[in-house]
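Derivation of every value follows stated rules applied to the coordinates shown; laboratory data play no part. Owing to the predicted nature of the structure, the values given are computational and were not obtained by experimental measurement. We place every Cβ from the backbone using ideal geometry, glycine too, and count neighbours over all the protein chains shown.
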Amino acid sequence: MRKPNRLVSVVAILAVLAVSWTAPAAAQRQRAMQFLSDAETEHVIRDLARPVFEAAGIAPEAVNIVLVNDPQVNAFVAGGQNIFLHTGLLLATEDAGQLIGVIAHETGHIAGGHLVRGAEAMDSAFLSSLIGMGIGIIGGIAAGNGGAAGAGIMLGQQMAERNFMAFSRGQESSADQAGLSYLDQAGISARPMLAFLEKLGADEPLVTERDVAYGRTHPMTRERMNTVRAFIANSRAADRPIPAAWNESLHRLQAKLRGYLDPLGTLRRYRADDPSAEARYGRAYAFFRRGEVRQAQPLVDGLIAQEPRNAFLHEMKGDLMLQTGRATQAVAPYRKAIELQPDAGAIRVSLAHALLEQNDRSLANEALRNLQVASKSQGSAFLWRLMARAWSLKGNDGMVAYATAEEALARGDKPMARAQAERAEKLLPAGSPGWIRAQDIRGLTGGPGK
């Protein structure tokens, strides 16, 4: 019998190991992330960070703020100009300056092109790992020693991890330096950033072994604090206070977030005898989450009377009406919210929902107009489900099929998306926008596209 080719065997083993390398735990965690969508939170955070984005040469509206429902104090950048902020981070920051300092760091990653460079570093680390594994496996096969092969695999992995960790620490230091410069250009003090690092560093254990430091993706917090202190010593904006209005905006967002995540705890935190807008906002949202409309509505109405041009208070009233089965009454506050904040796509989706809940064909066009505007900035499965309902009210089966294909694609259901795209192609006029996009969807889902 012919002997197996040893080189082919080695390549096959490396291929199997490569598959295991490319499925890290981080990717599994990302799939399990829960995202929260809130027009007010995204708007306020973008406005707070606007001076930093502009200092970095980034258009503020081009940055996507994504809220992750996770109690860990964390933030990261992924997929381009997308800044992900954990709810734990938002609740841990004591003032707007601390949050802006975190965003300045993440902006440093975006402006520095660290995502692209990080991918290149990962590729390099992967290659180092393969080389180490290959040497170990070939040596082990030649010697007939399985232990030598295993040692080679571990050596390759350690080489790769060390190289990538060192690269990551370098990028984090670079992002700190860039973020500090953006703060200074924007006239924002870095002292809150230092205070937040001191808060994080209080729980960081002392490192007594060099290898522990090598195994970190970030520099030690003490090192980062020293960097910020040195910068503050020469900063023009070091002693400039954070505007009170910025802190008020952040604290109201925190009250709203607490009301959403922990209604009972929020009602204990913000007592009924506290007349501040922050306390009333938190209590209103907590009552809303508990379904206690009689307690929530007077608080919302009182806040609107105090701030009639606050679009997000009108949105909250619309939400209160819609979620308690009063879709007709939700329309007016949603319309007012959009009048005041026309770029808030999430509110347009809510208005469309309220209109469509009435099952009135005469309201379909208004729903479609709002959904079409919202689809330029977001593409959730729910938006496309509403789009299909609106087209159904208008009796357009081709556009129903197209919208259903988009919904399925957003949910990751490729077979359904392909089937509905094929149906849309048959029903829609050739060359129409929906027909062209249906071909694109068919191509994206494994079928022949245009």
So for the pair residue 173, residue 72, with labels modelled 7 Å out along Cα→Cβ, what separation do we get in nm? 2.4
Kindly provide log₁₀ I(q)/I(0) values, in the same order as q = 0.26, 0.28 Å⁻¹, from the Debye equation applied to equal alpha-carbon scatterers of the stretch 262-308. -0.91, -1.03
Using a Förster distance of 30 angstrom, determine the FRET efficiency expected from the C-beta separation of residue 239 and residue 306, and round it to 0.05. 0.35
Reported to two decimal places, what Rg/Rh ratio describes the stretch 396-450 when computed on Cα atoms with Rh from the Kirkwood expression? 0.92
Packing-based order for 400-408, 358-366, using average beta carbon neighbours within 10 Å, highest first: 400-408, 358-366
What length, rounded to one decimal in nm, is gained on full extension from residue 62 through to residue 34, with 0.36 nm per residue of separation minus their alpha-carbon distance? 7.8 nm
Using Cα-Cα distances under 8 Å and only pairs 6 or more residues apart, what relative contact order does the stretch 310-372 have, in percent? 29
Assuming 0.36 nm per residue, please report the length gained on full extension of the stretch residue 413 to residue 372 beyond their Cα-Cα distance. 12.5 nm
Can you put 336, 317 in order, fewest other beta carbons within 10 Å first? 336, 317
From the Cα centre of the stretch 393-447 to that of the stretch 351-372, the distance in Å is 21
